Amino acid sequence: FMMTYSPSSPQQFKNSSNVPDFQLLAEKLGLSFKNIDLLIEALTHRSYLNEHREYTGSHNERLEFLGDAVLELATTDFLFKKFPASPEGELTSYRAALVNTVSLAESAQTIGLNDFLLLSKGESRDMGRARDVIRADAFEAIIGAIYLDSGFEQAEKFIAKNLYGKIDSIITERSYQDAKSRFQEIAQEK
């Protein structure tokens, strides 16, 4: 699976202009990729391939699949250790709130992924719910790319830096509860 990397010209782009500087993103994120093509793949949406036949790389769905699993394990471990007295159901709710599409899309926005996503023209115009899904998927794909390039420990550091800080506000705002649970709690109080 490993692709070769040439710092001046990633191998996926053949005679293409307007290619973002992915090395700049890696540096901004505090990452050092041995294989920058993994980061590029993590930021490539399936739609980009349809409009850019010169692109020889892959889209990010496989990396997103891997990143999702790494994210679940790392987040579960974090919550298990942070809340030693919390029951399994509560930890599950915390994890769901921490890694849902909205939370991941916010984290992706915060670290500036928008400017580096490779999308079709149609997808790049969409700024609604679909764009949040694309951002969240790219965030997970980056985790998968880090895992493949540098291992679990580095992937977990990235997750800790960009996600774990949200847990206190999730608990304070009770955003870990679904609407039905919140309604039942309010009804019982009244």
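Through the Karplus equation 6.51 cos²θ - 1.76 cosθ + 1.60, θ set to phi - 60°, convert the phi angles of the range 74-80 into ³J(HN,Hα) values in whole Hz; use x for Gly and Pro.
For the range 74-80, the Karplus curve yields 4, 5, 4, 4, 4, 5, 4 Hz.
Share of the range 31-105's accessible area from carbon and sulfur, percent, 1.4 Å?
Working: 2050 of 3730 Å².
Here carbon and sulfur together make up 55 percent of the probe-accessible area.
Suppose all protein chains stay in the model; what accessible area per residue would a 1.4 Å probe give for the range 104-172, in Å²?
44 Å²
Of the listed peptides 77-88, 134-145, what is their order by residue-averaged count of other C-beta atoms within 10 Å, with the highest listed first? Intermediate values should be presented prior to the final figure.
Values: 77-88: 11.6, 134-145: 26.7.
Ranked by mean Cβ neighbours within 10 Å, highest first: 134-145, 77-88.
Would you please give the residues with an amide H less than 5 Å from that of SER120, counting only those at least 5 places away or on a separate chain, with H modeled from the backbone geometry?
Hits under the 5 Å cutoff: SER47, TYR48.
The values are calculated or read from the model by the stated rules, or taken from the named source; none is laboratory data. Treat the numbers as computed from the prediction; the structure is a model and nothing was measured. Quick reminder, even Gly has a Cβ in these numbers, built from the backbone with ideal geometry, and neighbours come from all protein chains shown. Side chains included, ligands, DNA and RNA excluded: accessible areas come from the protein's heavy atoms. Shrake-Rupley method; radii C 1.70, N 1.55, O 1.52, S 1.80 Å.
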